[in-house]
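The values are calculated or read from the model by the stated rules, or taken from the named source; none is laboratory data. What you see is a predicted model; the values in this text were computed from it and never measured. Here the Cβ positions follow ideal geometry from the backbone for every residue, glycine too, while neighbour counts run over all protein chains shown. Ligands, DNA and RNA are excluded from the accessible area calculation, which covers all protein heavy atoms including side chains. Shrake-Rupley method; radii C 1.70, N 1.55, O 1.52, S 1.80 Å.
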Amino acid sequence: MTTMDDRRPAPEPLTLAEIDAIRVYCRRQVTQRAAFSGALAAIPLPFVDTAADLGILMRLLPKISAEFELTPADIARQDPESRAVVYTSIKTLGDSFVGRILTRRVIATMLARFGTRVAGKSMAKYAPVVGQVTSASISFALMRHIGLKHVDDCYQVARARAEARLFAAHGEIIDGQVMRDRVTS
């Protein structure tokens, strides 16, 4: 079944300057969400912070991918050469969320990999003041690490796509036009 999104034409490719600006914006967003996660982690209620972290990541990671035009739908709309560059770049990253559909299960599995930190955060918050500060610090650091890694992964893939567009095999492509070496007589 084809959706309306699948039929839209591919947007103009991002320039290197736009990709750099998106990276700065997304890094700020990650820091803000990580601070919010840290504040929630200080509340001594069981599983509130874990549920909040899951919800934050469910919204944040796809938003970052969308900013870099690396959602599965965005990738599907790209020309074949760009798709090849994107998939090759994603493959070199290894364990990455770039270009993937994120579900609660996928994010929960990722959080489980950080199990000792999450468990330490959950147990620490029941100790008065010091434990709550420790829990908030662990939550902030964990969320920031996950978010910034995703931003950096998306940045690398988007930059590779833009550079492949700029430096094609037959010449330099600038704004969609191939500039070949010209011989003047």
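There is no residue in segment 138-146 that is part of a loop (DSSP other than H, G, I, E, B), crowded, with 16+ Cβ neighbours inside 10 Å and either among the basic types (Lys, Arg) or modelled with pLDDT of 85 or more (or both). Taken together, the residues in segment 74-86 that are surrounded by 14 or more Cβ atoms within 10 Å (Cβ to Cβ) and either part of a helix (DSSP H, G or I) or at pLDDT 85 or above (or both) amount to 7. When ARG104 is tested against the conditions (1) of a type in the set (Lys, Arg); (2) open to solvent by 50 Å² or more (accessible area, probe 1.4 Å); (3) at pLDDT 75 or above, the lone failure is (3). For segment 25-77, a tally of residues being under 12 Å from ARG144 (Cβ atoms) and of a type in the set (Phe, Trp, Tyr) returns 1.
Suppose we keep only residues that are touching a helix residue (DSSP H, G or I) at 6+ places or on another chain (Cβ under 7 Å) and not charged (D, E, K, R) within segment 10-24. Which one would you say is modelled with the lowest pLDDT? Working first, answer last.
Of segment 10-24, the ones touching a helix residue (DSSP H, G or I) at 6+ places or on another chain (Cβ under 7 Å) are 10, 13-16, 19, 22-23.
Among the residues that remain, those that are also not charged (D, E, K, R) are: 10, 13-16, 19, 22.
Values: ALA10: 54, PRO13: 77, LEU14: 83, THR15: 85, LEU16: 88, ILE19: 93, ILE22: 95.
Checking each candidate, the answer is ALA10.
Exactly one residue out of LEU54, LEU70 is at pLDDT 75 or above and assigned to a loop (DSSP other than H, G, I, E, B), and it is LEU70.
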